[in-house]
Amino acid sequence: MWDWSIKSEGRQIPLKKEQVNSYDHGFDISLYEDASEINLSAEQIKQNVIKLLHIYKLDNMQLKEQAYAPKTWEEMHNIFTEYQRKRSAFLKMAGYSSPSELEKMGLSPQDINLLKKGIAPENFNTHLKIPFDFGGKNDFENFSLIKTHHVHSNIHRIIDYQIANGFLLKEKFIYLPYFEGRFYHA
């Protein structure tokens with residue numbers, strides 16, 4: 001997930017305090033301190049991630065410990081090409097098979113019609129519950145439809161927190177916010 005998106009090997013892009021402040025109103029910034037100054041244990045990171053789940057109102061999610069298995073550029077290219085095709089098919093399937101579930105998520109009839117065309121409506125995202133670099137498969141069981149703001153962005157903030165603190169590099173695994181099913185209701 002990160003190796004193929006950043007060409008220089010071993011390069012890490014930590015969150016800056018200004019970036020965190022721009023979207024985390026009232027959040028304890030100390031969780032995002034520079035990794036070179038903090039050497040947190042796996043248990044401390046896990047406890048902080050649990051706090052983040054609560055702060056970001058993702059209490060219905062569980063944590064899934066996933067080992068890091070980076071893909072090569074070629075593997076990611078092949079996976080992404082297949083993902084684009086399967087993503088469209090997943091959205092169509094969701095639109096046709098689960099209209100009442102989609103309405104509970106706040107989608108309008110027009111939004112559901114977009115799904116039937118293989119297009120994600122505004123503020124909705126096809127989320128990989130387990131990213132490819134952590135063993136996620138390119139299949140419908142790993143796909144979900146969730147709100148972009150704030151659910152999807154908050155999931156990635158939790159992942160970014162672990163990367164920014166050097167946890168992934170040190171431990172070679174990560175705690176992923178995870179939920180069962182195809183749709184997440186906040």
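The values are calculated or read from the model by the stated rules, or taken from the named source; none is laboratory data. Owing to the predicted nature of the structure, the values given are computational and were not obtained by experimental measurement. Heads up, the Cβs are rebuilt from the backbone with ideal geometry, glycines too, and the neighbour counts pull from every protein chain shown. We work out accessible area using only protein heavy atoms, side chains counted, and drop any ligands, DNA or RNA first. Shrake-Rupley method; radii C 1.70, N 1.55, O 1.52, S 1.80 Å.
Side notes on the structure shown:
- Some residue of region 31-39 being closer than 15 Å to residue 168 by Cβ, at pLDDT 90 or above and open to solvent by less than 50 Å² (accessible area, probe 1.4 Å): no
- Test: residue 81 is exposed (fewer than 13 other Cβ atoms within 10 Å of the Cβ), free of Cβ contacts under 8 Å to residues at least 24 places away in the same chain and hydroxyl-bearing (Ser, Thr, Tyr): yes
- Evaluation of residue 86 against (1) more than 20 Å from the chain's Cα centre (by Cα); (2) open to solvent by less than 60 Å² (accessible area, probe 1.4 Å) (one fails), failing number: (1)
- Among the criteria (1) part of a helix (DSSP H, G or I); (2) under 18 Å from residue 181 (Cα atoms), the one residue 83 does not fulfil is (2).
- Residue match in region 109-119 (condition: modelled with pLDDT under 95 and under 24 Å from residue 85 (Cβ atoms)): no
- Cβ separations smaller than 7 Å between residues 6+ apart or across chains give the following pairs from region 111-138 residues that are over 25 Å from residue 176 (Cβ atoms) to residues that are polar (S, T, N, Q) and assigned to a helix (DSSP H, G or I): 118/88.
- Meets criteria (open to solvent by 10 Å² or more (accessible area, probe 1.4 Å), in contact with a helix residue (DSSP H, G or I) (Cβ under 7 Å, 6 or more places away or on another chain) and outside any helix (DSSP H, G or I)) for residue 119: yes
- Counted residues, region 122-136 - those being acidic (Asp, Glu) and crowded, with 19+ Cβ neighbours inside 10 Å: 1
- Single residue of region 137-152 satisfying the filter (in a helix (DSSP H, G or I) and touching a Phe, Trp or Tyr at 6+ places or on another chain (Cβ under 8 Å)) that is least open to solvent (accessible area, probe 1.4 Å): 151
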